[in-house]
1. Answer yes or no as to whether Ser130 is more than 16 Å from the chain's Cα centre (by Cα), farther than 23 Å from Thr161 by Cα and within 13 Å of the ligand (Cβ to nearest atom).
2. From Val221, Val230, which residue is over 25 Å from Gln50 (Cα atoms) and of a type in the set (A, V, I, L, M, F, W, C)?
3. Which is crowded, with 24+ Cβ neighbours inside 10 Å, at pLDDT 90 or above and within 30 Å of Gly232 (Cα to Cα), of Leu85, Leu80?
4. Name every residue in the range 224-270 that is outside any strand (DSSP E or B) and among the aliphatic types (A, V, I, L, M), in order of residue number.
5. Given the criteria among the basic types (Lys, Arg) and within 14 Å of the ligand (Cβ to nearest atom), does Arg218 qualify?
6. Only one of these conditions is not met by Asp174: (1) within 16 Å of the ligand (Cβ to nearest atom); (2) acidic (Asp, Glu); (3) at pLDDT 90 or above. Which number is it?
7. Filtering the range 31-61 down to residues that are open to solvent by 60 Å² or more (accessible area, probe 1.4 Å) and in contact (Cβ under 8 Å) with a residue 40 or more places away in the chain, which residue is nearest to Ala265 (Cα to Cα)?
8. Please go through the range 109-125 and pick out each residue that is in contact with a Leu (Cβ under 8 Å, 6 or more places away or on another chain) and more than 18 Å from Ala21 (Cβ to Cβ).
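The values are calculated or read from the model by the stated rules, or taken from the named source; none is laboratory data. Bear in mind the structure is a predicted one, so any value in this text is a computation, not a measurement. Cβ placement follows ideal geometry from the backbone for every residue including glycine, while neighbour counts extend to all protein chains displayed. Areas reflect the complete protein model, heavy atoms only, side chains present, ligands, DNA and RNA absent. Shrake-Rupley method; radii C 1.70, N 1.55, O 1.52, S 1.80 Å.
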Amino acid sequence: MKTMAQSYTAEFERDGFLVGAEILSREEAAEFLGRIETFERGRAGDLPVQEIFRTGAHMMISAVDELVRHPKVLACISALLGPDLMVWDADVIIKEADSKGFISWHQDLRYWGVDSDEAVTAWIALSDASGEMGCMRFLPGSHRHGLLDHTDTFDGENLLTRGQTAAMEINLDDTTLGELRAGQMSVHHGLTLHGSMPNQSDRRRVGLAIRYTKPSLRQLVAERDYAQLVMGEDQYGHFLPVPRPDNEGSARALADWRRITEDQAAAYFAGVEPDKQSWTGGDGSKPVES
Ligand SMILES: O=C(O)CCC(=O)C(=O)O
């Protein structure tokens, strides 16, 4: 009989994603969501909360810090990437009830500026994420076709930073819907084509996207890069260290978060005209990086 890790690996290698790994109970997911929403409501006056959700949330929010190193998450990701794991970024991705924000078909690795495809995104559902609520869709096998050209659309309803869209036709009949209940996780390869539709339900959809890499990766575009070791060892020193949250947003933590995310923006926004280097989508929704 196959172990959980072996079946994850087989499915992931074949399709470039897996859907429905059991990480949290519904109650635990609701508790993590409650902590994140308390941070959102309580700190909106003194911290750039929407930007923190979009990038580097693991540096500022203790609930996110706990999730990026949750033993069940790490067991699943290390079955795919090996024993040494780093978090390169973590984003809280919200689609408000009955909102128009969508995520165009793209590959995460298109703008990370790194030299290898050994990177995955873990997406933990903190609310349910059904088809009606705009869960992700994946194109099976697309991780085997290398890095594809993308067009930057800067569409106001697109929740991605530059509206990047893979320059190819995708037939929805060929794709797989990644529905999750609160507490489940999907994982996709950095080259897997994926996207998501608007939330047409009357409930808020909230997920945490965690970008995991191996210490051996190198940044090629930005002058320097940062990642946080969450399992095993870093024998390479290619990434500068990333602090963990202190008391949810001290002045020092905010200064570190700013310094690190601004340096990383050099890779995300490479080639984008300065007046288009905005982190905020046209409808004011929170854009995501990948
Ligand atoms: O939250 C979504 O609907 C899509 C997220 C995504 O594209 C990602 O995490 O890579």
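1. Spelling it out, Ser130 is indeed more than 16 Å from the chain's Cα centre (by Cα), farther than 23 Å from Thr161 by Cα and within 13 Å of the ligand (Cβ to nearest atom).
2. None of the other options fit; the residue is Val221.
3. Leu85
4. Hits for the range 224-270 are Ala227, Val242, Ala251, Ala253, Leu254, Ala255, Ile260, Ala265, Ala266, Ala267, Ala270.
5. Here the answer is no, as Arg218 does not meet what is asked.
6. Only one criterion in (1) within 16 Å of the ligand (Cβ to nearest atom); (2) acidic (Asp, Glu); (3) at pLDDT 90 or above is unmet by Asp174, namely (1).
7. Out of the qualifying residues, it is Glu51.
8. Leu109, Arg110, Gly113, Val114, Asp115, Ser116, Asp117, Glu118
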